[in-house]
Every structure is written in C-alpha cells, then in structure tokens.
Amino acid sequence: MGVVRKKSTPLTVVRYILVLVVVAWAIFLIYWGVVTSLKPPAETFTITGISIPFLQFQPTLENWRTELSTRESRFTLANSVVVAVLATLVAMLLGVPAGYALARFQFRRMKNRDLTVWFLSQRVLPPVVVVIPFFLLMRTLKLLDTQLALILLNATFTLPFAVVISRQAFQELPAELEEAAAVDGCSDFTAFFRIAFPLAAPTLVAVAAICVAFTWNEFLFALALTSLKAKTFPVYLAGAEDTRGVQFWFMATRAILALGPPTVLALLIQRYIVRGLTFGAVKG
Amino acid sequence: MSLKNRSIKYAFILPGIFWVLAFTIFPLFYSFSLSFFRVRLGKPARFVGLDNFLRLFGDYKLGNSLRITLIYVAITVSIQVILGILIALLFNQEMKGKSLFRALLILPIFCTPVAVGYLGLTVFYEEGGPINSILMSLFDWKIPWLSQPFWAWVAVLLLDIWQWTPFCFLVVLAGLQSLPDEVYDAAYLDSASEWEIFRKITFPMIQPVVIIVLLLRLIESFKIFDVVYSLTGGGPGTATEVYSLYTYRTGLKFFDFGYASALGYLLLAMVMVIVNLFFRRVRQVYE
Amino acid sequence: MKRFLFLSVGMVVLLCFSVVYADMTLTNASGESITFTDEELGTIITSGEKPFEGVTITITVNQGGPKGGISGPLYEWRDVWEQLTGAKLNIVEIPYAEHYPKVMTDLLTGTGQYDGFMIGSDWMGELVAGEYIVPLDEYVKDPRFPKWDPDSLPPSIRTLYTWGDTWYGVLNDCDGQILYYRKDILNNPDYKAKFKEKYGYEYNVPPKTWNELYDISEFFNGWDWNNDGEADSGIVMHLKVGAQGMYHYASLSAPFCIMPGEKVDKYHNVYWFDPEDMTPLINSEGHVKALEFQLKLAKTGPDAQVAWSLGEAWDYFLRGKAVFTFSWGDVGSLVQDEARSKIKGLLGCSILPGSYEVYDRQQGKFITMDTPNVWGNTTGGSWHGVISTLSKNPEAVYHLLAFHGTNKISLWNVQRGWTGVDPGAKFHFLPPYGTASLDDYVANGFHPEDAKEYLKAYYDNFFAPNIAPYLRIPGGNEYWVALDRHLSEAYTGQLSAKEALDRVAKDWEDITNRYGRDEQLEVYQESIGYAK
C-alpha cells in the first residue's frame, strides 16, 4: 500500500533530512538519559555538547551498579513487575470474556454498542477524581500500602483496553467455526476456549502488553496509596530528588530503568499499537 | 446466528460489569457524597451542604490551575495533532529504513511519564544542561527553563509534545495507508498541487481518524499530572500547577477531602462536556 | 602494609583501653571510631543483654541517601547500633515535599507503619495536639538509655524540641540561618576603596544592616572579582519552590517587621499572626517592605537561583562565585570539604544583619531605631527524631535517637558538612561559649579561622537577645507551603510583593478557618508564649 509517487532527487534528500531530524528529536531524551547514566557523577554537566560516549568521555557502569545493588531499587522493581503482571491478568480474565460476549451475543436491554462505550468511558475518567475515594476505601479495607490495592485499581483502569480490543478481535474471526463446534456438541465455554481464544491470541497478547505497560507507568495511584512495602518503581524514581537538589546521575539511571520495560514491549507489539491505543477505532 | 441469544452471555460479561460498578461507579458516588462534607481524618465528618461547591467560585488558585490546564490542553493537543499529520505525510511513501525509523518514533509513547519528567530535568538543567550548553556555545544565550514561569510552561509542553506526537503520527499514518491509491491518480492527471491534493482529497478522507486522535488526546491531556509533578512540581510559584496536581495536593497533601472531591467533580464535568461533543461519533465506531 | 600496621596498632591500643577503662570504642560505616564511657552508652548497651533482639523499628527521614543530610548519620551508625542492641533499623527515606503528608497519612489513618520520624520542627504543633508523639521526660532520666544532655541546648532551640515544659524531641539538628561572606574579598583594600568612591561610605565587615549588605552585594555583582575569567555574583539564595526557599524570607524579614519589646503582646515580638485574633500579619507593611527588599536583593545574584534548591546554591558559594549567602550551618562545614569548596579558610560568618527601619503596628508607621533591629532566628527544620504513639517499640526508638544525641556522635556529625547536622548545643561551641576544643575541629578537617568564625556566629545567633518566633501550630506545614508557593510567585516575577503576600494572607485565613480559629488561636498563643 502507500502512495508511491515519482519525486525529483533534491526533494527526496530534503525529506530524508527531515525524517532524520524527527527521529533524532524522538530519541534525544532517551539518549540523554542513557548517556547521563553512564557518566561519572562529577562530570554530569562538565562534558559539553551532546556527550558522545567514548569520544567525549569514558563511560562507566558505576551508577548502574550502585542503583541495582540498592535494596530499595530492587524491591520496588519487583513490586512494579508483580503489580503489572497480576493487574493485567485480572484485566484479561474479566475483559476478554466480556469482549467475547459483546462480539458474539446480542444484548437487548442495553445494546452492545452502548455497553462497549460504557466500558470505554472509564478511560475518560480523570484518575484524580477517584483517587480520594479510593484512598479512603483502601484505608477502610486496610489495604493501604499493599500490592493488592494497586492490582485492583490498575485492573480497573486497563479493563477498557481488554474489553474493547478483544471484542474487535473476536468480531473479525468468522463465527462459523464456533457455530460448527456448537453443532458438534461443544459448550459455549469450550467453543470460546478451544476455538476463538487461540485464534485471537496474537491480538490478546498485544492487549496484555498494553495493559502491562500502562500499569507499569501508573504514578498517581501508586504515589497516593503506597508508602513503604508496596512502593512501585516510578514512585521510587521520584526520590532521586533530595533536600539538597537532584542527583542527576541516579535519576537518569532510574529513569532509564523505569522506561526500559514498557518501551521494549512497545517495540514487540508495534503492529498493534494503533489499534490498541485507539480502542480499535483505527486499524493499524 | 445460533449464538445470539443465550443466557450464557451473562456469565461472560457480568463479572466485568460488576467489577466496573464496584471500582468506578461506587467511588464516584462516594466521592460525590464526600463533596458535601468537611472531612478531617481522625475526626467525624461534618455535613456542610454546598459549601465546598460554593468555595470553587471564590478560589483563585482553582482559577489559576484551570486557566493553565485549559491553555495547556488546547496548545499541546493542537500541536501534537498538526505535527503528527505532517510527520505522517512525510513518512507516507517508500523510503529506505522506514520500518526502523517508525520503530524509533514509537519509543516515546510508552515511556513512563514520571521518568520523562525527570529526564526533562536533566535536559533542561540551566547551568550546563545539553540544550543550554549548546545555546551558550552558539549564541552565548541560555534559556531560564525552570526558573521562569513562561519557560517552565514551555518545558512541560515540550515534554508532552515529545511523548505524544508519535502517537498522533502513528494513527494518522495508519489512516493514510488505508487510503486506496486510485483516488490520487485522477488528481495527478489534473496535475493539482500537493497542497490541493491534501486539502481536497487526503484530509477529508483521513478526517475521521484525525477526529479520533483529537478526542483521545483531549481526554488524556486533561489528566496530566506525572510530568508536571516530576519536572516542575507545579512551580515556579504556581505557574505550572495543573488541575490534577492542585486537586491531588488539596486532597492528599492537606487532607481536605471534601473540597478535593468537589474539585474532582468539576474536572469530570468539563471532560464530560468535551466527550459529549464527540459522543455520536464515538458510538458510530462501535456500531 | 601501612594499613595493616595501623590496624594492628589500633587493635592493641583498643584492647589495652578496654581492659583498663572498660570503655567502648565504636566504629561507624565510614570506618571512624569514637570511644564512649559506660555512662554515655547506658546500661542497655553495657549489660550486653540485647533486649531488643528481634525488634525492627522503622524511621522516616528526608530523602538523602547514605551520605545525605539528616539521613546520612542514621546509615552511618546503623550496623553498630544494631549489633549493640539486637534491634533492626529500617530507614525509610521520603522526598522532602512528600515527607509531611506521608507521615500524617500514617498517623491519621492509624496505620502505624512507622515507629519514629525525623521531623521538621514546624510539624510539632500538629503532632503534639493530636497526641501522635510520645513525651520523653521519663526516658531522658533513665540510665538504661544512652545519655544526651537536654540542658546543653540554648533556650531558642530548646523551644523547638519541647512543648510547654515537656520534651518530645531528641537532640539532633539545630537550624538557624546566619550570614556567610567572603572575608578575603570584603577586606580587599582595592575593592573597599572602589566601593567608597561609588557609594560614598566605607562598609562594615560584616555589614550591620540589610541595606548596607545590599549595597555591597550590588557593588560586587556582575564582574569578575575572583579572577576566574567569569562574572561573579553578589549574593546567592536557594529560592526553588517546594524546597525550603521560604525560609530565606522568614529569616531576612524579621528585622523589618518585628517590634522588639519586653514581652509578647499584640504589637511586640510577634511575626506570624495577631495573637489576639489570628489575623495574618504576613501582608502587613513591614512584611511587604521586607519582601520588596528581598526581591531587590535577589537581582544582585544569579538569575537561575529561583530554581535552585539548597545544594545548587551552596555549591555556587562554595565554588567562590558569590560574596554572600545566608543559610544553615551546613554551609560552614561544607566549606571545609575541599572536594567541593574553593574557599576554605576564607570564610566570614555573622548573625544576620538588622534594619534601622522597622514597622510599628501600634503606630501604623515605620519608625527608625537608634541601633539596628537585629533578630536571631531558628529558621529551618531543626530536624530531630520523635516517637510515634503508634509504635510498639518506643523504647527501641528512643534508644536509637538518644544514641544519636550523645555528645560524641552529635559533635562528630556537626564537624562533617554532609551530615546536615548543624551546631547549636553548648558542647559544639568553643570556649568561652562552650566546651568543644578548636584542636578537635581542626583534627576533623576545619580551618581554625573558619571554625572560630562559624561557631561564634552560631552562638551569637542562638543566644541573641531577640529570637524571631517560630511557626509550629497545627497545619504548620500547610502554612509554610502556602508561604513558599506565593513567595515563589513573587521571586519569578508573576506577582508583586504585596500581591503575593496578600495571597498568603488569604490562604492562611482559609487554613485557620478550616482548622478552627479558636483552637488555632489557643495553640498559637501557647507556642509563642503570649500571656493574656
């Protein structure tokens, strides 16, 4: 696909330069984070220009070693992983069947369309509106500073992805297969698990990855609801700014550690990002 | 179809519905009731009627953060969408290394926003940060990024634009690539100019996609919290104290839960107005 | 080899000592040792019974890391203390801006995750009023615990650690802001002559009033007076919002707006609120004038300082780029650290300047005094440990805090800039004011002249006849934050001095009303010693 048109050479060169500028802009911040994390702290701001490693300074892994050997960074990383994975699991367990139901069955009282939009509407809700009731709720339930609280919340906020996108994935599968299975005496559950689920698996994996990434990146709730044991990595990251100023070297190391996992996931599910983040409204 | 009307469907969908009711609708009601009380932890809540809502009108800090947020949303969303379209047009043709470039452009989208804010802190650092050190060596001039209200605001905008323009680009590109080639052929025969082709053919055809992008970005932009929290902390002064940050502080730093709930509801109302402008369009998508 | 020899000699010496005196030598994480007497350590340690075996206590502290201000010493002595008592110490670092809300969340919700807190003194009113922290008087006398000396603190600092006559905090940090200046530059005859030519008078070293300081700062700002090839500044301040910037204003403004008097009454010795009805005084004429002055003064420093927190501003002064700064004791000890400082031995220190003109609220006008109106201050957190009433092991917490409050550890901390622990107790000062020895300071890396200047200035400050009142009523932190935010609006040019302070006053009224005016008034009167 795409529109192929003949172009005169100079314009192509201009286009290429523009493309490179755009790409450079897109990766600059990440590049700078990586470079800063590789500099000895004393040289953070003494190396000028764009600080090319090896050319302009001798990179060191010292900051990384310090950061990874700190107890706090390890357990907050572990917390982030646990919360992201379990929240995604819950969201998928609730969302995929719901998406399937919306794709395959007809709902009367509230139409399928409206149900879908209803699920979707949660993404509209600004988190700060519900952070206070959640805080008080978790306090009553004695769940402040627990992973469970974060899992419940993040599952809620990623549920729309799971529902809406899996609905679309199932809609795109021909229903005939399941109908044939039903004729053969399969129950609806078996038809769902044996036939529809495997066929939709690639999309569902992508949805799961999106849920993991969003949960991983979540900050507001983690800040409000955790204090010690359940602290996630982004909240820990916020601690690199101490009373006497910013420790840029640790901050950069932590920032890169924080954004590493979600960006890798993003690369793995490239093909699904458009569909995923637009809730299937645009097909990539 | 045989599958259409089975009661088994409820087994599939009800858990999800109950979950949402429990974790979204309930907190919303709870929050609504809170907004009629003066709540101090450790002391009994006191019913104050509409006090908290009346306070909204006299609160200049609210006015400040509302103004900041609205201007911010308007600017960041329009720049992101316009840049997204331009970059998508740039990429919408054969070129070497396209898939690599596209992959690199995707990176910002999934970056942890708090981390982005903190990386911003290093990049915008005034004495020796990369941008200022380059400016210094070229023009002997540096930008007071985080010490001046205006520039701090620009810094926040830049980070947000950095993170979300790629998303707009990606979606618009997907829209462009789904257009059939034939529509252009006739135009080429007419030898219309690039701009005319874009205005008369391309844009009308990708307009639905652009509207989706616009809506999604509008909704998300109202939520902004993380980047501001980490980059400027709302400062200098209150120059970048966006709505979510103000609400968060009122509620969870000073424990004025009732008023913070009222603030939350005002934000919700604004977002709902915007969503309703697009509502019909959204429903069509899921027909 | 040398190291080995050193170690073995050390071991032998140590052994001899332990046989003869039964004293205990403890070595911290930096590898430095201090010898304690049995009395200093208390019977819990000397008995060797380890009664806290199996107990874990959790202490919150400002984020700073193992070599950070206030947090550092906890790490420094953690291993030793754990070995001696059998307890485990869990250090929870929380960024400054989040520390207060996190602590209050824990207390208000009754969660009880933390056993103790290293608090800023402005939280005290709230903690005491809510009965969230444990009074210490019983513990202080108890010979089981390490010995620290409450009487060594000057009255001004003592006020911050106590409520009424009851002790709640254990000696740790003593905060107050003093003036730091470059002795070598101000005494340079060339510069003095040039100054006289331009301003028509000869300045005092150190300056006696803020106006004089302004002239000097203006004179030195914007040219290269230290011959490093770059233009330098007159003064440097840390004015970043959310990072203790408001404390600068609090110390600077006192002489412009507090009328000294025999006792605390409606018009005298008050700074924050009218002690009869809680009306904020923060936007009164004296305050506005003080802030206008500070805005003018800030122009004689680097532009970027409005976004600087402590470390950045201090480093600027340490690198020799500014003639003046006024800040906490950290600066004096950091100057001695040659890895960071280029000005060791060149340091001048004094109590903050005064003002001839002060606003008299009774007469409703500025009056001119015969001698400058000078106020000492206890501005800052004076960060110290308190025990949560929710703690299940208050004794273990007290033991830890008292251990850190012993004369020897306290002095060790004071002599090192990175600890963030600043001098104030009698045993930190040199004779005739105190009992520390200059040799000891020199042995710990101080330049003798710097040490004398520095400690004398702190003594003058904490023992000044007038000490500016400190705000520590419930909601204390919230009042401070409101001040901080609106000051920052003024520093960054968004508002005029008057507008900014009007906003502060408005916010303060809101806070007072929310907490309840009558309750607040009562605590306020109590906290400043106002007698009806």
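Place a point 7 Å from the Cα of B:Ala269 along the Cα-to-Cβ direction; which residues of the range A:108-127 have their backbone N under 16 Å from it?
Answer for the range A:108-127: A:126.
Just the Kirkwood number for chain C, please: inverse of mean 1/r across all distinct Cα pairs, in Å, one decimal.
Answer for chain C: a Kirkwood hydrodynamic radius of 24.1 Å.
Tally Lys/Arg at +1 and Asp/Glu at -1 over every other residue whose Cβ is under 15 Å from the Cβ of C:Ser382; what's the total?
Working: positive: C:Arg158, C:Arg472; negative: C:Asp122, C:Asp173, C:Asp175, C:Asp330, C:Asp422.
Charge balance near C:Ser382 sits at -3.
Ignoring everything except DSSP H segments at least 4 long, calculate the 222 nm mean residue ellipticity for chain C; use -39,500 (n - 2.57) per segment, divide by total residues, nearest 500. Could the numbers behind the result be given before it?
Values: 23 runs with 226 residues, N = 532.
For chain C, the value works out to -12500 deg cm²/dmol.
What per residue convex hull volume, in Å³, comes out for the protein assembly as shown when only alpha-carbon positions are used? Mind dumping the intermediate values first?
Numbers: hull volume 228.2 nm³, N = 1103.
Considering the Cα atoms of the protein assembly as shown, their hull volume per residue is 207 Å³.
Can you tell which of B:Phe198, B:Phe257, B:Phe37 shows the greatest fluctuation in a Gaussian network model of chain B with Cα springs below 10 Å?
Sorting by GNM fluctuation, first place goes to B:Phe198.
Report the Cα centroid-to-centroid distance between the range C:346-394 and the range C:54-130 in angstrom, as an integer.
Computed from Cα coordinates, the inter-centre distance equals 26 Å.
Can you give me the three principal axis dimensions of the range B:11-76 from its C-alpha atoms, in Å, biggest first?
50, 42, 20
Would you mind calculating the gained length between C:Arg319 and C:Asp274 on full extension (0.36 nm times residue separation, minus the Cα-Cα distance), in nm to one decimal?
Numbers: separation 45, 0.36 × 45 = 16.20 nm, distance 4.25 nm.
Length difference between fully extended and current span is 11.9 nm.
Dimensions of the range A:193-284 along principal axes (Cα, Å, largest first)?
In descending order, the Cα extents are 58, 24, 21 Å.
Which net charge results for the neighbourhood of C:Asp175, defined as the other residues with beta-carbon distances under 12 angstrom from its beta-carbon, given Lys and Arg at +1 and Asp and Glu at -1? Could you put the intermediate results ahead of the total?
Details: positive: none; negative: C:Asp122, C:Asp173, C:Asp330, C:Asp422.
With Lys, Arg at +1 and Asp, Glu at -1, the neighbours total -4.
What's the magnitude of the charge dipole for the range B:1-139 around its Cα centre, counting Lys and Arg as +1 and Asp and Glu as -1 at the beta-carbon? Answer in Debye, nearest 20. Walk me through the numbers on the way to the answer.
Details: 13 positive and 5 negative charges, 156 e Å.
Using Cβ point charges on Lys, Arg, Asp and Glu, the range B:1-139 gives about 740 debye.
Can you give the calculated 222 nm mean residue ellipticity of chain A, where each DSSP H run of n ≥ 4 adds -39,500 (n - 2.57) and the sum is split over every residue, rounded to the nearest 500 deg cm²/dmol?
Numbers: 12 runs with 190 residues, N = 284.
Estimated from H runs of four or more residues: -22000 deg cm²/dmol.
Rounded to whole Å and sorted largest first, what semi-axes of the equivalent ellipsoid does the C-alpha gyration tensor of chain B yield via the square root of 5 times each eigenvalue?
Values: eigenvalues 297, 204, 58 Å².
So the three semi-axes of chain B are 39, 32, 17 Å.
For C:Glu197 and C:Met369, what is the calculated FRET efficiency with R₀ set at 35 Å and r taken between the beta-carbons, to the nearest 0.05? Spell out each step's value before the answer.
Values: r = 29 Å, r/R0 = 0.83.
Efficiency for this residue pair is about 0.75.
Taking the Cα atoms only, what angle lies between the long axis of helix C:448-462 and the longest principal axis of chain C, rounded to 10 degrees?
Rounded to the nearest ten degrees, it is 70.
Consider all pairwise Cα distances in the range B:143-185 and report the whole-number % of them above 18 Å.
Details: 480 of 903 pairs.
Tail fraction, whole percent: 53.
Could you identify which residue out of A:Pro198, A:Pro262, A:Pro234 has the top mean-square fluctuation in a GNM of chain A using Cα springs shorter than 10 Å?
Per the Cα network of chain A with a 10 Å cutoff, A:Pro198 tops the list.
For a Förster distance of 25 Å, can you work out the FRET efficiency between the beta-carbons of C:Ser30 and C:Val442, rounded to the nearest 0.05? Write out the running numbers ahead of the final one.
Details: r = 19 Å, r/R0 = 0.75.
In this case the efficiency is close to 0.85.
For chain C, take the longest principal axis of its alpha carbons; what is the angle in degrees between that and the long axis of helix C:189-199, to the nearest 10 within 0 to 90?
It works out to around 40 degrees.
Using a basic spin-label model with each label point 7 Å from the Cα along Cα→Cβ, how many nm lie between C:Lys498 and A:Leu55?
The two pseudo-label positions are separated by 5.7 nm.
FRET efficiency for B:Ile75 and B:Leu54, Cβ-Cβ distance as r, R0 = 22 Å, nearest 0.05? If you can, show how the numbers build up before the last one.
On the way: r = 31 Å, r/R0 = 1.42.
For B:Ile75 and B:Leu54, the calculated efficiency is 0.10.
Suppose every Lys and Arg Cβ carries +1 and every Asp and Glu Cβ carries -1, with no other charges. What dipole size does chain C come out with about its Cα centre, to the nearest 20 debye?
Details: 45 positive and 72 negative charges, 184 e Å.
Using Cβ point charges on Lys, Arg, Asp and Glu, chain C gives about 880 debye.
Tell me what chain B gives for mean residue ellipticity at 222 nm when only DSSP H runs of n ≥ 4 count, each as -39,500 (n - 2.57), the sum divided by the residue total, rounded to 500 deg cm²/dmol.
Values: 14 runs with 194 residues, N = 287.
Result for chain B: -21500 deg cm²/dmol, rounded to the nearest 500.
With a cut-off of 8 Å between alpha carbons and a minimum separation of six or more residues, what is the relative contact order of chain B in percent? Write down the numbers at each step before the final one.
On the way: 272 pairs, mean separation 80.8, N = 287.
Once divided by the residue count of chain B, the mean separation gives 28 percent.
Identify all aspartates and glutamates with a Cα-Cα distance to B:Lys223 below 20 Å; exclude those on the same chain that are fewer than 8 residues away in sequence.
In chain and number order, the partners are A:Glu218, B:Asp160, B:Glu241.
Are there any helices in chain B, counted as whole DSSP H runs, that stretch 18 Å or more along their axis by Cα and score at least 1.0 on average by Kyte-Doolittle, and if so which? Numbers along the way, then the final one.
Values: long enough: B:8-20 (20 Å, 1.60); B:60-91 (45 Å, 1.73); B:149-177 (41 Å, 1.45); B:203-222 (28 Å, 1.89); B:257-285 (38 Å, 1.29).
Qualifying helices, which must be both long enough and hydrophobic enough, are B:8-20, B:60-91, B:149-177, B:203-222, B:257-285.
What does the charge dipole of the protein assembly as shown about its Cα centre add up to, to the nearest 20 debye, if the Cβ of each Lys and Arg holds +1 and the Cβ of each Asp and Glu holds -1? Present the calculation step by step, with values, prior to reporting the outcome.
Values: 93 positive and 105 negative charges, 892 e Å.
Using only the charged Cβ atoms, the result is roughly 4280 debye.
Normalised by the residues of chain C, what does the relative contact order come to in percent, with Cα pairs under 8 Å and at least six apart? Don't skip to the answer; put the middle values down first.
Numbers: 1058 pairs, mean separation 115.6, N = 532.
Dividing the mean separation by the residue count of chain C yields 22 percent.
Given contacts defined as C-alpha pairs under 8 Å and at least six residues apart, what's the relative contact order of chain A, whole-number percent?
Values: 297 pairs, mean separation 75.1, N = 284.
The value is 26 percent.
Just add up the charged neighbours of A:Thr44: K/R +1, D/E -1, any other residue whose Cβ is under 13 Å from the Cβ of A:Thr44. Intermediate values should be presented prior to the final figure.
Working: positive: A:Lys39; negative: A:Glu43, A:Glu62, B:Glu127, C:Glu312, C:Asp315.
Once all neighbours under 13 Å are counted, the net charge is -4.
If you line up the long axis of helix C:285-298 against the longest principal axis of chain C, both from Cα atoms, how many degrees apart are they, to the nearest 10?
The helix C:285-298 is inclined about 80 degrees to chain C.
Using a Gaussian network model of chain A with C-alpha springs under 10 Å, which one of A:Gln270, A:Gln122, A:Gln106 is most mobile by mean-square fluctuation?
Result: A:Gln106 has the largest fluctuation of those listed.
Pairs C:Lys183/C:Lys452; A:Lys142/A:Lys231; B:Lys142/C:Lys342; C:Lys296/C:Lys498; B:Lys253/C:Lys102; B:Lys61/B:Lys253: which exceed 18 Å Cα-Cα? Write out the running numbers ahead of the final one.
On the way: C:Lys183/C:Lys452 13 Å; A:Lys142/A:Lys231 16 Å; B:Lys142/C:Lys342 26 Å; C:Lys296/C:Lys498 14 Å; B:Lys253/C:Lys102 8 Å; B:Lys61/B:Lys253 16 Å.
Too far apart for the 18 Å limit: B:Lys142/C:Lys342.
Computed from the coordinates by the stated procedures, all read-outs in this text should not be read as laboratory data. Quick caveat: nothing in here was measured; it's all calculated off a predicted structure. A quick note on method: Cβ atoms are made from the backbone with ideal geometry, for glycine too, and the neighbour counts reach across all protein chains shown.
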